[in-house]
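Down below is the structure, laid out as structure tokens.
The values are calculated or read from the model by the stated rules, or taken from the named source; none is laboratory data. Since the model is a prediction, treat every value here as computed from it, not as a measurement. Here the Cβ positions follow ideal geometry from the backbone for every residue, glycine too, while neighbour counts run over all protein chains shown. SASA here: full protein model, heavy atoms, side chains in, ligands and nucleic acids out. Shrake-Rupley method; radii C 1.70, N 1.55, O 1.52, S 1.80 Å.
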Amino acid sequence: MTDGLGNPMQALQTKLSEVTQTKGLRDAIAVEQSADPLDTTQRALEREMATVGLDRNATLARQIRAAISRINQGGYGVCLECEESISQKRLAAVPWAALCIHCQQRADRANRSVDEWLDDGFATAA
Ligand SMILES: [Zn+2]
């Protein structure tokens, strides 16, 4: 295992269980309508925020699972786009990073979602 990386598998699994613990968010979405209009507005806002949170968690969970499978199958820490090594510093901060910082920045500029990169990566690997 590469030095300085710590244990990415453990970090990934911890994070994965964190983002899949969404019961609180689901409860917030499921709350019933209130008769009080002000309360209803507040609840709608909470529900919206919870929905955004769930979406974000679902995306993150997908990225984390992909990173775990890269650890198992090889290829972890290698950029899916340019196949350069992802920097240790970046992996320490974002253990599920699928792209090196340069490709990530390019992807951000192109407004292309990480999911699409992941799909490409798996398609290539298969
Ligand atoms: Zn790259």
message: List pairs: first residue in segment 67-84 and in contact (Cβ under 8 Å) with a residue 24 or more places away in the chain and farther than 13 Å from PRO8 by Cβ, second residue among the basic types (Lys, Arg) and open to solvent by 30 Å² or more (accessible area, probe 1.4 Å) anywhere in the structure, Cβ distance under 9 angstrom, at least six positions apart or on different chains.
response: GLU81/ARG106
task: Output the number of the condition that ALA50 fails; it satisfies all remaining conditions of (1) closer than 29 Å to ALA93 by Cβ; (2) free of Cβ contacts under 8 Å to residues at least 24 places away in the same chain; (3) not charged (D, E, K, R).
output: (2)
- request: Please find, within segment 75-90, the residue that is farthest from the chain's Cα centre (by Cα) out of those that are modelled with pLDDT of 95 or more, assigned to a loop (DSSP other than H, G, I, E, B) and more than 8 Å from the ligand (Cβ to nearest atom).
  value: SER87
